[in-house]
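Just below is one structure, and these are the notes that go with it.
The values are calculated or read from the model by the stated rules, or taken from the named source; none is laboratory data. Please read these numbers as outputs of a predicted model, since none were measured by experiment. Heads up, the Cβs are rebuilt from the backbone with ideal geometry, glycines too, and the neighbour counts pull from every protein chain shown. Side chains included, ligands, DNA and RNA excluded: accessible areas come from the protein's heavy atoms. Shrake-Rupley method; radii C 1.70, N 1.55, O 1.52, S 1.80 Å.
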Amino acid sequence: MGKKGLSEEVYRVELSPTEIDTMDKLFCWACQRWADKVFMRHKDLGIWYSWTWREVYDEVKYISLGLISFGLKPGEIVGLIGENEPQLFWGEWATLAARGTAVCLYPDMTPQEMHYMLDHSEAVCLLCEDQEQVDKALELKDRLPKIRKVIYWDSRGMWQYSDPILMTLEELQAEGRSYEQSHPHSFEDSVGQGKGSDIAVMSYTSGTTGLPKGVIDEHRGLIDSAYRIMDSLPEMNPFAQYLSYIAPAWATEQSFGLCLGLLLPFVINFPEEPETVLENIRELAVEFLSFGPRQWEMMVSAVQARMMDASRLRRFWYEQMMKVGLKVHGTQLVGKRVNPIWWILYPLARATILRPLLDQLGLIKCKTAFTGGTAMAPEVFNFFLALGIKLRNLYGTSEFGFISMHQGDRYDVESIGKLVPINPAFGPEIKILVDKETRELLLKGGSGFRGYFKNPKATEEKFKDGWCSTGDAVSINERNNELIFLDRVEDIRRLSTGLLVPPQFIEIRLRFSPFIKDGIILCDEEKPFVSALVNIDPETVGRWAEKNGVSYATFPDLSQKEEVRKLIASEVKKVNDKIEVAMEPGAKIRKFINLPKEFDPDESELTRTRKLRRSFLEDRYKDFIDAIYEGKSEGMAKVPVKYRDGRTGTVAAIYYVENLESTEAGV
């Protein structure tokens, strides 16, 4: 605390968590302190629009009073769905100021997924972005009798809609202004009555093994998580340019954009569209960036794909200069002295490759970058490290908030960092215990875990002798006390040979290949060896096919081309080489199939954060798996698919089982 900005004004102010103990109190305090500074920016139709803190305060105030005027009571649930835009943030802060509870939904949810969360949470109001989300809400209207109002902020295409349940955001704010005239100071009174122990948000788990559970997040828990990050990285600058991209339905954005954005604070920027994120990052030259592993992997894949089109000389120069960057920054990261030869070559590497690449990726001013949510291959960290970006792993759970992260100037990229410090106002320091038998990480301390909504049984099962279960298997590096993530406890498998295999360890290394978009590792007590089902990346593989004269018509056709199968086999062999170094040779992938369709969250194959629904996939692709272990070399299968317009169908395709042992033996 007490860090100064460019002027003499002290920006990072020590707040009293006993006085500012709720998100809405923090919001009001920050708006008063930074009134005329720019708070938010959003690009719409090619133009950047800005809002000051004072302007955002007014927007939030009248949304909140509008909700109160329609009878929103303390503790009632407001659902919010849409892309990351200012109105989504305003809606959540307004809900909290009205002493309601916010439930954010992923914008690409199907109506069925929306119904489950809105029904389970007992939502009474829904704030939507546009016509697409309104259509989903109207489809569910008769099945959600508790929903009193559906409010939307983007009116494009809505001129023919006349359902009385609908209302624009502007109309809601107008109701709020009228309400204020007859109830002066009601907004301030509502904010002042809140307590840190009130429920602020319900964050639903990803549901990898069943229906998502609603995690109860108190105000003090969210503020606690924001403090943990801020206190762990004192170099974070106030008013840093932050791009909000991760959906607030993910607990990470609740702590970063919605809370830390007030506490530090940030200048919060919103992309024009999800498809323009990389372009917008470059325009903004963001200083603070938080992406999930898939987004970081996509950035690396995009660079790798471009380099495939480069000349052999340019590829050689790129590879050598990236090695120079990694030698310099990687050596510094582990606290060793850099060989003078690398320092001599570094200015050349920076001028010709590293700085231009940083500029192309929009990371030229990036000082703090995070990833979290699931594991990521060390090669991805090393790619950004070579560019001079210290990408930090941040580990936490929906139930317990942030637990560990890469801190300081030295850390191991293969770890998930050290335990984060806790502000004493939120509870005792976090303590950890690793179960000797299962390697499961158990936690105690911090602001704690209040429980799952309407699920006391699952809440009770989460605790073991007073310790909170994470469900994650870890090990501890005794040299530096950093945690190393292994896999979900339930996902660690044992082969029929007795060998233990952590599937995720292998899957994240498969995804580092620019040609592989996804992959699921197959291994359990009934299987004698490890195999895989692979999703090719249609963009990079398609580009490779075009360059190498391989013609194809459709995705299923491309995935089964002999040349493509050989290409993926070479990529899998590279992963096997790494497995042989890190694990026992028996954990290597012996066979794989290129699937004739991509994994799709709309078909429940992935969660909305793109985590594999392992059991579902193993059941859906049982015929493929049986072919692998029955020794078949090819087969015909029909796979159900769901199209964007809601129609269903099947993909019928011939598939081939690739046997890596045969290719290695020259058969």
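Figures for the structure shown
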read-out: Total residues in the range 367-400, condition in a loop (DSSP other than H, G, I, E, B), touching a helix residue (DSSP H, G or I) at 6+ places or on another chain (Cβ under 8 Å) and not hydroxyl-bearing (Ser, Thr, Tyr); value: 8
read-out: The listed residue being at pLDDT below 95, over 25 Å from Tyr411 (Cα atoms) and in a helix (DSSP H, G or I), out of Gln360, Gln332; value: Gln360
read-out: Which listed residue is over 30 Å from Lys336 (Cα atoms), in contact with a helix residue (DSSP H, G or I) (Cβ under 7 Å, 6 or more places away or on another chain) and open to solvent by 20 Å² or more (accessible area, probe 1.4 Å), from Phe426, Phe463, Phe449; value: Phe426
read-out: The range 335-357 - residue that is among the charged types (D, E, K, R) and not in a helix (DSSP H, G or I) and, of those, nearest to the chain's Cα centre (by Cα); value: Lys336
read-out: Count of residues meeting criterion [open to solvent by less than 70 Å² (accessible area, probe 1.4 Å) and either modelled with pLDDT under 85 or not in a strand (DSSP E or B) (or both)] in the range 479-500; value: 10
read-out: Sole exception among (1) assigned to a loop (DSSP other than H, G, I, E, B); (2) in contact with an Asp or Glu (Cβ under 8 Å, 6 or more places away or on another chain); (3) modelled with pLDDT of 90 or more for Ser404, by number; value: (1)
read-out: Residues of the range 438-477 satisfying the condition of being in a loop (DSSP other than H, G, I, E, B) and closer than 22 Å to Leu211 by Cα; value: Phe449, Arg450, Gly451, Phe453, Lys454, Asn455, Lys462
read-out: Qualifying positions in the range 494-533 - within 22 Å of the chain's Cα centre (by Cα) and either among the aliphatic types (A, V, I, L, M) or at positive phi (or both); value: Ile506, Ile508, Leu510, Ile516, Ile520, Ile521
read-out: Flag if Val380 is surrounded by 20 or more Cβ atoms within 10 Å (Cβ to Cβ), farther than 25 Å from Leu510 by Cβ and hydrophobic (A, V, I, L, M, F, W, C); value: no
read-out: Residue that is surrounded by the fewest Cβ atoms within 10 Å (Cβ to Cβ) [pool: residues in the range 506-540 that are under 15 Å from Glu297 (Cβ atoms) and hydroxyl-bearing (Ser, Thr, Tyr)]; value: Thr540
read-out: Qualifying residue in the range 182-191 (condition: surrounded by 14 or more Cβ atoms within 10 Å (Cβ to Cβ) and in contact with a strand residue (DSSP E or B) (Cβ under 8 Å, 6 or more places away or on another chain)); value: no
read-out: Residue match in the range 90-106 (condition: over 21 Å from Gln173 (Cβ atoms) and modelled with pLDDT under 95); value: yes
read-out: Qualifying residues in the range 32-72 (those that are outside any helix (DSSP H, G or I) and of a type in the set (Asp, Glu)) - the one most open to solvent (accessible area, probe 1.4 Å); value: Asp36
read-out: Criterion violated by Ser206 - all others in (1) surrounded by 14 or more Cβ atoms within 10 Å (Cβ to Cβ); (2) within 18 Å of Tyr57 (Cα to Cα); (3) among the polar types (S, T, N, Q) satisfied; value: (2)
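To keep it simple, each residue is scored yes or no on (1) in contact (Cβ under 8 Å) with a residue 60 or more places away in the chain; (2) closer than 25 Å to Thr470 by Cα; (3) touching a Pro at 6+ places or on another chain (Cβ under 8 Å); (4) surrounded by 18 or more Cβ atoms within 10 Å (Cβ to Cβ).
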{"position": "Arg350", "(1), (2), (3), (4)": "no, no, no, yes"}
{"position": "Arg355", "(1), (2), (3), (4)": "no, no, no, no"}
{"position": "Lys365", "(1), (2), (3), (4)": "yes, no, no, no"}
{"position": "Gly408", "(1), (2), (3), (4)": "no, no, no, no"}
{"position": "Val413", "(1), (2), (3), (4)": "yes, yes, yes, yes"}
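Quick grid of which residues meet (1) β-branched (Val, Ile, Thr); (2) surrounded by fewer than 17 Cβ atoms within 10 Å (Cβ to Cβ); (3) not in a helix (DSSP H, G or I):
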{"residue": "Ala545", "(1), (2), (3)": "no, no, no"}
{"residue": "Val550", "(1), (2), (3)": "yes, yes, yes"}
{"residue": "Pro556", "(1), (2), (3)": "no, no, no"}
{"residue": "Leu567", "(1), (2), (3)": "no, no, no"}
{"residue": "Ser570", "(1), (2), (3)": "no, yes, no"}
{"residue": "Asn576", "(1), (2), (3)": "no, no, no"}
{"residue": "Ile579", "(1), (2), (3)": "yes, no, no"}
{"residue": "Lys591", "(1), (2), (3)": "no, no, yes"}
{"residue": "Lys597", "(1), (2), (3)": "no, no, yes"}
